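Just passing along the structure, written as structure tokens.
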Amino acid sequence: MTTLSIDHASRWFGNVVAVNDITMTIGPGVTGLLGPNGAGKSTLINMMGGFLAPSTGTVTLDGTAVWRNERAYRHIGVVPEREAMYDFLSGHEFVLANAELHGLPDPGAAARRALATVEMEYAEKRRIATYSKGMRQRVKMASALVHDPSVLLLDEPFNGMDPRQRMQLMDLLRRMGEDGRTVLFSSHILEEVEQLAAHIEVVVAGRHAASGDFRKIRRLMTDRPHRYLVRSSDDRALAAALIADPSTAGIEVDVEEGGLGIQAVDFARFTELLPRVAREQGIRLFTVSPSDESLESVFSYLVAA
């Protein structure tokens, strides 16, 4: 089991602080790295991959510093966001070169396996200059996988991919996480992160804003009203009984979904109040569903905080 640890790491460029005193641990499984543009995600990934030294703090792989550590590099595969590649090479030559740089015993076989993993055999002899953006992403992925790393770091890996390519890559990353590899990917497509990542790390303005399952993060955010969709046998009577209690800030009829849209400002009190009121009034509850626990809602709350 391989673990990446970032301990009070900062990175600045002149007077610009890109990463500010971040501490987090990335373990086996699939982790999504989220943040607005300019939040410091790429800088953080480059520090984890050993391409940038932290200005202060440490980045370690199983307790050993990553920066200028050749042994650590052998366990890490990186898919950068930047488009710069050796366009005069074919896809096979590009992946083969990385296999040779790693000193693999059979670089040709390793390159073929990596290209097959990302389904790029059909275009491996073509020059990279002729590739679409999605094809470039996949050949970068093959290059990162060629030495069979235990840690995979991907910066916006789904950019430029069509729906089929996205599904194929998502399935690959999911399998790698299930196999015990440590996979971290950044993405601005929240729906994909929600489907793929069991754990998220959120960075806002260079600082670590949140960590964990996004539903648990939402429940910990007690300073923001929780929104619920409630359907019952008598919505009007239920609304009348609930609106008088200080745990609710507003109740409205949800025309689209049917039922009541309720804002709860005291989460603990509301979860006790609702079943009690329903029992006392003889009202049957059909649906009690949080309506703001999607990743999109949680991310919006965190960025606006």
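Read the figures in this text as sums done on the coordinates, not as results from a lab. All values derive from a computational prediction rather than experimental measurement. Heads up, the Cβs are rebuilt from the backbone with ideal geometry, glycines too, and the neighbour counts pull from every protein chain shown.
Please label the shape of region 85-192 as rounded, prolate or oblate, based on the square roots a ≥ b ≥ c of the eigenvalues of the alpha-carbon gyration tensor (a/c under 1.5 means rounded; beyond that, a/b larger than b/c means prolate, else oblate).
Verdict is oblate for region 85-192.
Next up: How many percent of DSSP beta bridges within region 4-218 run antiparallel, rounded to 5?
Taking every DSSP beta bridge with both residues in region 4-218, the antiparallel ones total about 55 percent.
Working from Cα positions, state the angle (0 to 90°, nearest 10) between the long axis of helix 163-178 and the longest principal axis of the chain.
90
Can you figure out the FRET efficiency of Gln281 with Asn37, using R₀ = 41 Å and their beta-carbon distance, to the nearest 0.05?
0.25
Relative to the longest principal axis of the C-alpha atoms of the chain, give the angle of the C-alpha long axis of helix 133-145, reported between 0 and 90° and rounded to the nearest 10°.
Once rounded, the angle reads 70 degrees.
Further, regarding this structure: Name the most mobile residue of Ile262, Ile128, Ile283, meaning the one with the largest mean-square fluctuation, in a Gaussian network model of the chain with Cα contacts below 10 Å.
Ile283
Still on this structure, please answer the following. Among the lysines, which fall within straight-line cross-link reach of Lys41, defined as a Cα-Cα distance under 29 Å, with same-chain neighbours fewer than 8 residues apart omitted?
Lys133, Lys140, Lys216
In debye to the nearest 20, how big a dipole does the chain give about its Cα centre with +1 on each Lys and Arg Cβ and -1 on each Asp and Glu Cβ?
Using only the charged Cβ atoms, the result is roughly 500 debye.
Taking Cα atoms, how many degrees apart are the long axis of helix 295-304 and the longest axis of the chain, rounded to 10 and kept between 0 and 90?
Taking the Cα atoms of the chain, the angle to 295-304 is about 90 degrees.
Further question: First measure r as the distance between the Cβ atoms of Thr222 and Lys125, then evaluate 1/(1 + (r/R0)^6) with R0 = 51 Å and state the FRET efficiency to the nearest 0.05.
0.30
What distance in nm lies between label points placed 7 Å from Cα along the C-beta direction at Met167 and Ala97?
3.4
While we're here: Filter the trypsin sites (Lys or Arg not before Pro) in region 125-165 to those in DSSP coil with at most 12 other Cβ atoms within 10 Å of their Cβ, and list the result.
The qualifying sites are Lys125.
Okay, helix-only estimate at 222 nm for the chain: each DSSP H run of n ≥ 4 adds -39500 (n - 2.57), divide by all residues, round to 500 deg cm²/dmol; what do you get?
Computed mean residue ellipticity for the chain: -10500 deg cm²/dmol.
Taking the alpha-carbon centroid of each part, what is the distance from region 184-245 to region 66-103 in angstrom?
38
With only alpha-carbon atoms in the gyration tensor, what are the semi-axes of the equivalent ellipsoid for the chain, in Å, largest first?
The equivalent ellipsoid of the chain has semi-axes of 46, 22, 16 Å.
So for the chain, taking the charge dipole from beta-carbon charges (+1 Lys/Arg, -1 Asp/Glu), which of Asn69, Leu44, Ala241 sits furthest toward the positive end?
Asn69
Output needed: percent of Cα pairs per 5 Å distance bin for region 219-304, bins running from 0 to the one holding the longest distance.
Whole-percent P(r) values from 0 Å outward: 3, 15, 26, 25, 17, 9, 4, 1, 0.
Could I ask something else about it? To the nearest 20 debye, what is the magnitude of the charge dipole of region 219-304 about its Cα centre, counting +1 on the Cβ of each Lys and Arg and -1 on the Cβ of each Asp and Glu?
Charge dipole, region 219-304, about its Cα centre: 280 debye, nearest 20.
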